[in-house]
Amino acid sequence: MIDMQATQELSAAVTAMAQEAGVAVLINDSAELARELAADGVHLGWSDMPVKTARALLGPDAIIGATAKNSYHRAMQAGEDGADYVAFGAFYPTTTKEGTVPAEFELLEVWQAAMLVPCLAIGGITVSNAAPLVTAGADFLAVSSGVWAYEEGPAAAVRAFNALFDDLS
């Protein structure tokens, strides 16, 4: 059983440490928890509260991201409702999350050609497969096992991703 008080205390401590170091903290799936922790924002999943509701709860300065999976329409709606970024994916097979929906690179290209709201690519991203996503137009990459399961360790993965971004810019 999860000790919610201990979880919230740990979350508050980690949020404070990250913010003190100049790192923005986004809480996944819960605008209420983001507000409680004084986090910098929230990332809303496909079935979480609407962007407009989160914006009303967190205020105009919060960072709000929204999952669009492979739906250009859903991403446009999130942008119109005040999302600061939209997330497309999964671009590659992933073991991090079940029930993902495949997304095509063309979605990033079309989004960049028509929209101003930044987009994020998610799903199975590693150092070895990230370049085409950035080239297609991903402004950001959401990476989990691509960092934590990197053969040379997480710090080496971060260095490799940074080198990739430097090479592509």
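What follows draws every value from the coordinates through simple rules; no lab data is involved. Given the structure is predicted, the values throughout are model-derived calculations rather than measurements. For neighbour counting, all protein chains shown are included, and Cβ atoms are generated from backbone atoms with ideal geometry for every residue, glycine included.
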Check your understanding: Looking at 68, 56, which is the one that is hydrophobic (A, V, I, L, M, F, W, C), surrounded by fewer than 16 Cβ atoms within 10 Å (Cβ to Cβ) and either in a strand (DSSP E or B) or over 15 Å from the mean Cα position of the chain (by Cα) (or both)?
Key -> 56
Exercise for review: Please give the number of the condition residue 90 fails out of (1) without any contact (Cβ under 8 Å) to a residue 40 or more places away in the chain; (2) hydrophobic (A, V, I, L, M, F, W, C); (3) surrounded by 18 or more Cβ atoms within 10 Å (Cβ to Cβ); (4) in contact with a strand residue (DSSP E or B) (Cβ under 6 Å, 6 or more places away or on another chain).
Suggested key: (4)
Practice item. Please determine, by comparing only the residues of region 110-131 that are under 18 Å from the mean Cα position of the chain (by Cα) and part of a helix (DSSP H, G or I), which one is surrounded by the fewest Cβ atoms within 10 Å (Cβ to Cβ). Key: 131
Revision key, fill the gap. Among residues of region 19-39 being buried (at least 19 other Cβ atoms within 10 Å of the Cβ) and closer than 18 Å to residue 86 by Cβ, the residue nearest to the chain's Cα centre (by Cα) is 27
Review point. Looking at region 71-87, which of the residues that are out of contact with any strand residue (DSSP E or B) (no Cβ under 7 Å at 6 or more places or on another chain) and more than 25 Å from residue 145 (Cβ to Cβ) is surrounded by the fewest Cβ atoms within 10 Å (Cβ to Cβ)?
Key: 73
